[in-house]
Structures are given as C-alpha cells and as structure tokens.
Amino acid sequence: MPEAAHPSAAEICPTLPIPAPGAEQIHRALGYPRDAAPAPAMEKRIAGIAAEALPLLQPRGVYALYPVSSSTAHALQLDALTVSGNIGEYLRDAERVAVFVVTVGEEISRMAAAAGKHGDAFSAWVVDALGSWAAEAAAQALMLRLRPHLQPHQALTLRYSPGYCGMEMSQQRQLFRLAPAKAVGVTLLPSLLMHPLKSISGLVGLAPESAIQQYRSPCDLCPRFGCPMRR
C-alpha cells in the first residue's frame, strides 16, 4: 500500500461557480477561429443545444497543497511521493505545489452519448465541447480558491496535467494519491482516464512572480513544435 499523503492545506469544493459562456466562447469551444462564427441558422441551433445542456453541469473540485521537498528538471518530491516528467523543469521555482482535480459531473456526457446514440452527431459534438469548456472553467474557478495561499510577491504558475509537457499519463496514479478526488466523485479508471469523463487533474505551483514572468506558456519550453495542443 502507498503511504498516505499529508498536505499542508486542502479544500473540498462541492460546488464551483463558473460563468455562463457567451456565444463567442461557445464558438471557440467548437473550434471556430476568433474572427469566424457559424451561419445564423446554425448559431441559433447551437444556442438552443447549449441552453438545454448548461443546467446539467455540476462543477466541483478539490486541491491539496504540499511543500516541495526537492526538485530536479524531471521530478518533484511532494510529501513521500514523487511526480515525474519534465514537469519538474516547469515547476522548479515553486516553493509549494497544489495537486487538484475538478469535474463537471457525468450528466453532460450522458446527454452527449444519448444524442450520438439517436443519430444526432451535431448535438453530441456541441454538448461534448461544452463539457470540455466547462471543465476548464471549473479549473480556473478552483485556481481562485488557491490565491489566499499566495505569499507576497508570489503568483500561480500555469496549470500542468498528465499527458502534456512531458508528464506521462501514468503520473495520474500519483496525483490521485496526493489529492482526495473521491471527495468530489472522481475516480481513476485502469485506462488512466477519469470518471466522470469531463474532469481535469493536474498541478499548479506557487512561485515567485519573477520566475513565472520568464515564460508565458509551458509551450515556450517544450521542443514539440508540431504538437496540436501547442499554444
């Protein structure tokens, strides 16, 4: 059995306030460029689907805050556990790291699956994209709950999740040992996917502002220039 993790602080948020998305945010979630929008008839249909889907969202999350015991370019020691990958390079200046998990629940994914089962691929696409947008919004809302832990001249780093920035998906297991995800109904499947599907796990550092200002995005440090997720 792995050792129990002992955070210096933790918070379970059974609800997280997220703003209702505007039309432009919905269009962006669907992949439209900033200077483009769907045709009026399609835009009306998208708005109708969104109005039906948004009440199904149940944003919630949890974080656990740990001092960084030691770090290298490829690892962070948090309590008795090590998180491995290039994540150590991105968070090497962090004095503390929060391990977090957020979700918007499974009802939104059920709606998307039901639409697809009934042959409505368009609605399934819109609902799935809204779920993804909402999960990101929930993660941003959770970051606001972390701000009171910042000391003077500190700021939050960008968020990092398994599967990106050189951190293997297998590190999900470590994150789920460090954060009480079950408290908000999120479990890790043997495939390393999360249930509910529209969930996000990751780490965020509390670091000196001067260190964070050196880069705008983890992509500034990543050598994978052909990555489709590059920002």
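A short reminder: the numbers here are calculations on the coordinates, not readings from a lab. None of the values given here were measured: they were computed from a predicted structure. Using ideal geometry, Cβ is built from the backbone for each residue, glycine included, and neighbour counts are taken over all protein chains shown.
When only Cα pairs below 8 angstrom with a gap of at least 6 residues are kept, the range 34-182 shows a relative contact order of 27 percent. Using Cβ point charges alone (K and R +1, D and E -1), the dipole size of the chain about the Cα centre works out to roughly 140 debye. In a fully extended conformation the segment linking residue 170 and residue 8 would gain 55.9 nm over its present Cα-Cα distance, using 0.36 nm per residue. Using the Stokes-Einstein relation with a Kirkwood hydrodynamic radius computed over Cα pairs, the translational diffusion coefficient of the range 159-198 at 37 °C and a viscosity of 0.692 mPa s comes to 311 µm²/s. Taking the C-alpha atoms only, the angle from helix 40-53 to the longest principal axis of the chain is near 60 degrees. Potential lengthening of the chain between residue 36 and residue 107 amounts to 22.6 nm, from the contour at 0.36 nm per residue minus the alpha-carbon distance.
Could you tell me how many degrees, from 0 to 90 and to the nearest 10, lie between the Cα long axis of helix 107-117 and the main elongation axis, the longest principal axis, of the Cα atoms of the chain? Between the helix axis and the principal axis of the chain, the angle is about 50 degrees. Exposure proxy for 201, 191, 123: other Cβ atoms within 10 Å of each Cβ, ordered fewest to most, give 191, 123, 201. Ranking of 111, 167 by neighbouring Cβ atoms within 10 Å, starting from the fewest: 111, 167. Short to long, the 10 Å bins of the Cα pair-distance histogram for the range 9-214 hold 9, 32, 32, 20, 7, 1 percent of all pairs.
Cα axis of helix 121-146 to longest principal axis of the chain: angle in degrees, 0 to 90, nearest 10? Once rounded, the angle reads 30 degrees. Across the range 90-176, the fraction of Cα-Cα pairs farther apart than 16 Å, rounded to a whole number, is 66%.
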